[in-house]
Amino acid sequence: MADSCSSKALLALAAAVALSGCASGGGAQLPALSLPSAPSVEAASQQATTPPPSAPGAAQQTGNVIDQTGGQGGSATDIYSRVATGAMKCWFAVGGPLKADFVYHATATPASRGGKAQIVIHRRDPTQPNPRGAKAYLVDIDPTGEASATVRTENLKMTDAFATAMTSDITRWTKGEEGCSQSSAVAGWTPAAPQPVAAAPATNAKTAKKAKARSKAKAAPAQAKAPASPPLKTSTDN
């Protein structure tokens, strides 16, 4: 048993010596491993400021976010109600700047489901049964809480001057103000004050006849009645 253990020890020692000789001799050497270097501060800052890529199919937010600072805020349903009321009273009222050439269309979910709403202003297309033509202006109202929402506008085919006036109105209505703009530098946005209508001449024949009779009565001279004179007596001499 002792001889067997001694043989095993000698074999192990010989193997260790052989390995040490390979490492120190001209044999093949193991490749040296290098640790990766840390990124520079500039590269790290660029990675931090670069936004992550959006997921495929995710909707890209575009347009102009309305600043609600100083306003009364409210839920998405409250804000939609104020904006929709203002648009119908000011933009699409009789004589309003969008009444003739554009069409108003809106969709809104119930308040119990968040109240998300969208108002779309279409160009009017009288050649179609449904006159809603191309989209010209969008208003998106997205709830962000029970009493808050984000309002975003986007000009698609509206003139820049009209789009600026519309965004200004929406900003006021979103904050809780009411009414239409009383003054605007945009030509055609604020309708001119209606001119007073002159009274139409009387055309009723009966009324005209009475007026003519009264005129004749005033112009005719007063006639004095002459006293009756006694009859003359004639006599004949016999």
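The values are calculated or read from the model by the stated rules, or taken from the named source; none is laboratory data. Predicted model, so just to flag it, every value in this text is computed and none were measured. Note that each Cβ is placed from the backbone with ideal geometry, even for glycine, and that neighbours are counted across all protein chains shown. Side chains included, ligands, DNA and RNA excluded: accessible areas come from the protein's heavy atoms. Shrake-Rupley method; radii C 1.70, N 1.55, O 1.52, S 1.80 Å.
Okay, here's what the table says:
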{"read-out": "Heavy-atom accessible area per residue - the range 78-128, 1.4 Å, Å²", "value": "53"}
{"read-out": "Added length on full extension, which subtracts the Cα-Cα distance from 0.36 nm per residue, Arg124 to Lys212", "value": "26.3 nm"}
{"read-out": "Modelled FRET efficiency - R0 25 Å, Phe92 with Ala147, Cβ distances, 0.05 increments", "value": "0.30"}
